[in-house]
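Below is one structure; the comments refer to it alone.
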Amino acid sequence: MLDSPLTSVKGIGPKRAELFLRLGVCSVRDLLYRLPRDYLDYTRVTPIAELVNGQNAAVQVRISAATRFFRKKGMTMLSAPAQDETGKITLKWFNQPYRSAQVKIGEIIYASGRVLRKNGVSLLNPSISQALPGIVPVYSSIKDVNQRAWRDSMQAALESVWDKIPEPLPRSLLERFSLVPLALALRHAHFPFSREALEMARRRLDFENTLLYFIIMELQKSERLRQNGFSFDTSGVLSRFTSLLAFSLTRAQMRVVDEISVDMRAPAPMNRLLQGDVGSGKTAVAMYALLVAAANGKQGALLAPTEILAEQHSQNFSEIFGETVVLLKGGMKKTERDAALKKIADGSALFVIGTHALLSEDVRYCDLGCIVTDEQHRFGVRQRAAMLEKGVRPDMLVMSATPIPRTLALILYGDLDISVIDELPPGRKPVKTSVIRASKREDMYAYIAAQAKEGVQSYVVCPAIEESDTIECPSVEALFAELRKKLPETRVGKLHGQMKEAERSRVMRAFRAGEIDVLVTTTVIEVGVHVPNACIMAIEGAERFGLSQLHQLRGRVGRSAQQAYCFLLYGVESREENERMLTMTQTCDGFEIAQKDLLLRGPGDFIGTRQHGEDGAGLLAGAMNVKLLEEAARAAREILQQGGEESARLIELASERFGSMLGDIAMN
């Protein structure tokens with residue numbers, strides 16, 4: 001029954017089944033395992049006076065006046081004034097005119113939605129009911145399938161197979177780890193009657209998913225260790241490399257270089273994750289690995305996530321290795337691209353640097369020996385696998401500036417060896433970080449303008465590109481216009497992901513050249529951008545970013561001996577938010593911040609914000625705690641060691657669940 005097509009479920013017709021198919025949801029099983037991305041807790045009523053800006057809440061109110069219609073920016077808005085004993089509130093709906101029939105003057109209702117404290121108190125796009133909704137699941141958005149359609153489909157699917165859901169895990173595992181049966185877990189994962197039931201259900205499903213994932217990872221690691229790659233000769237390469245650099249390597253960099261040397265000399269292909277805090281010098285270490293390949297007559301490729309970063313790497317490599325460096329990116333003129341492809345194919349290009357363009361079918365290498373992927377969180381395993389197909393078992397170095405606590409990294413990246421650069425280059429000063437209250441915002445921008453006159457450049461990061469009624473902080477477009485008006489003598493630029501790649505590159509080059517004083521941007525500058533003269537980072541709406549992401553953004557400044565500053569502006573006052581911001585002001589250690597982020601949000605959210613289901617770790621995005629990950633990893637190893645019928649059945653199940661990833665998870 002679980003393998004039945006979606007159209008076998010009452011209420012899911014061909015049209016809706018086609019929409020689900022776009023998400024890769026083909027069967028009832030696929031649908032039921034598509035768990036909610038979040039839950040809204042509407043199990044209790046919150047008085048209007050206690051509502052917190054930005055949070056979701058349920059209120060019990062009386063409609064106090066007639067509904068009103070407005071038109072704004074092409075949208076229709078319906079508002080209904082309401083109140084309880086503690087205050088007044090406006091219920092607001094966007095493009096939902098039918099709501100006017102659901103609210104009548106004098107009627108007492110439950111309304112549940114997101115709170116906005118701006119020109120009074122509002123509840124945005126609230127649901128209306130005669131009883132508290134309880135815990136409401138929230139599913140990933142897809143065009144033409146709203147949340148109600150998701151919930152109706154899930155409810156119907158559960159009812160159609162409720163008594164026919166087989167239990168895939170052995171009874172011994174269920175008892176050993178106190179796991180509830182699958183049928184019960186699926187029911188409460190989608191429609192929990194309490195927080196306790198939800199936690200019990202998600203723990204069971206997380207354990208199952210994680211166990212099967214780790215079984216595949218262990219199998220892949222065993223397979224990799226049986227394969228032969230190329231044994232590189234590293235003699236003399238380090239001394240040559242250090243003579244080419246204008247700086248000395250730190251002790252931590254030297255330690256990692258030694259680890260890479262051992263890997264590259266071995267017959268099995270290197271498969272190493274290189275972690276390092278922002279500005280710790282990972283690129284220099286990657287350069288060494290690529291030089292080892294070049295010294296052995298083989299090519300090296302560096303895959304960067306953005307054109308801005310690819311150009312930056314190309315410039316740095318070209319200064320040292322000259323014409324043996326080739327840059328390949330999207331949007332190149334045909335003559336330029338053809339010339340680059342020729343050099344790659346005939347082997348005269350020893351250092352190939354680029355973006356996703358390196359994955360194109362027409363890119364043929366003469367003899368690819370080493371691959372470096374920069375900022376591995378920005379690439380899915382499928383992109384990395386596509387690069388591996390370009391060479392015969394090349395060595396792989398995966399770099400990440402997003403620190404993950406080592407215990408968690410060892411579990412999540414069990415098929416990779418891990419190196420950590422835990423030391424910054426000498427002379428770097430810690431970035432001084434301050435929380436800026438709304439009352440001091442004007443003073444902060446006046447300081448930024450004054451610093452611009454002294455030749456100091458600044459970034460200002462906003463969480464959105466355009467203004468929104470639901471986000472109470474400036475957007476890139478609005479702040480760009482505001483600063484150009486308020487700071488006429490300051491050269492203000494803007495950068496965001498909706499701009500064309502060529503325009504983004506032009507703006508970034510102008511900023512690097514000192515032609516822009518203040519760059520108003522989204523997180524498009526989060527990864528790897530190196531502008532030593534940029535010494536100020538201001539972040540609007542800081543509460544909308546995770547700690548690790550705030551640390552990444554802060555890492556764009558403080559890249560010279562000059563003192564750098566980070567200003568955090570946030571609008572949601574809460575104990576948790578104050579604690580998060582306090583962490584940012586107390587330390588610049590990325591691993592310490594990552595540990596705090598892990599404690600505040602749990603490993604699933606911590607990883608899931610970046611992986612988003614593409615990488616293997618993204619499949620663990622619901623994992624509740626490190627203990628569960630450790631238990632699942634240990635159980636996976638034991639199952640493979642024991643062998644037998646039970647082991648074979650779980651391996652088969654793991655292959656079915658993650659079969660499409662078999663060639664992807666193994667970096668080699």
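Observations
- Top-ranked residue in the stretch 408-451 [being small (G, A, S), farther than 30 Å from L628 by Cβ and not in a helix (DSSP H, G or I); ranked as modelled with the highest pLDDT]: S434
- Filter pass, Q552 being crowded, with 23+ Cβ neighbours inside 10 Å and polar (S, T, N, Q): yes
- For the stretch 3-26, the set of residues classified as surrounded by fewer than 19 Cβ atoms within 10 Å (Cβ to Cβ) and hydrophobic (A, V, I, L, M, F, W, C) consists of A17, L19, L21, L23, C26, listed by residue number.
- Of all residues in the stretch 27-45, one or more are more than 28 Å from the chain's Cα centre (by Cα), more than 26 Å from A185 (Cα to Cα) and either surrounded by 15 or more Cβ atoms within 10 Å (Cβ to Cβ) or aliphatic (A, V, I, L, M) (or both).
- Sole exception among (1) in a loop (DSSP other than H, G, I, E, B); (2) crowded, with 16+ Cβ neighbours inside 10 Å for F193, by number: (2)
- Consider the stretch 225-284 and keep the residues that are among the aromatic types (F, W, Y) and surrounded by 14 or more Cβ atoms within 10 Å (Cβ to Cβ). The one that is farthest from M396 (Cα to Cα) is F241.
- Screening the stretch 71-126 for strands (runs of 3 or more DSSP E) wholly inside it with 1 or more residues that are in contact with a helix residue (DSSP H, G or I) (Cβ under 7 Å, 6 or more places away or on another chain) returns the ranges 75-84, 87-94.
- Residue that is nearest to Q60 (Cα to Cα), among those in the stretch 118-150 that are in contact with a Pro (Cβ under 9 Å, 6 or more places away or on another chain) and either among the small types (G, A, S) or free of Cβ contacts under 8 Å to residues at least 24 places away in the same chain (or both): S127
- Single condition V460 does not satisfy, out of (1) at pLDDT 95 or above; (2) on the phi > 0 side of the Ramachandran plot: (2)
The values are calculated or read from the model by the stated rules, or taken from the named source; none is laboratory data. Predicted model, so just to flag it, every value in this text is computed and none were measured. Positions of Cβ are backbone-derived with ideal geometry, glycine not excepted, and every protein chain shown enters the neighbour counts.
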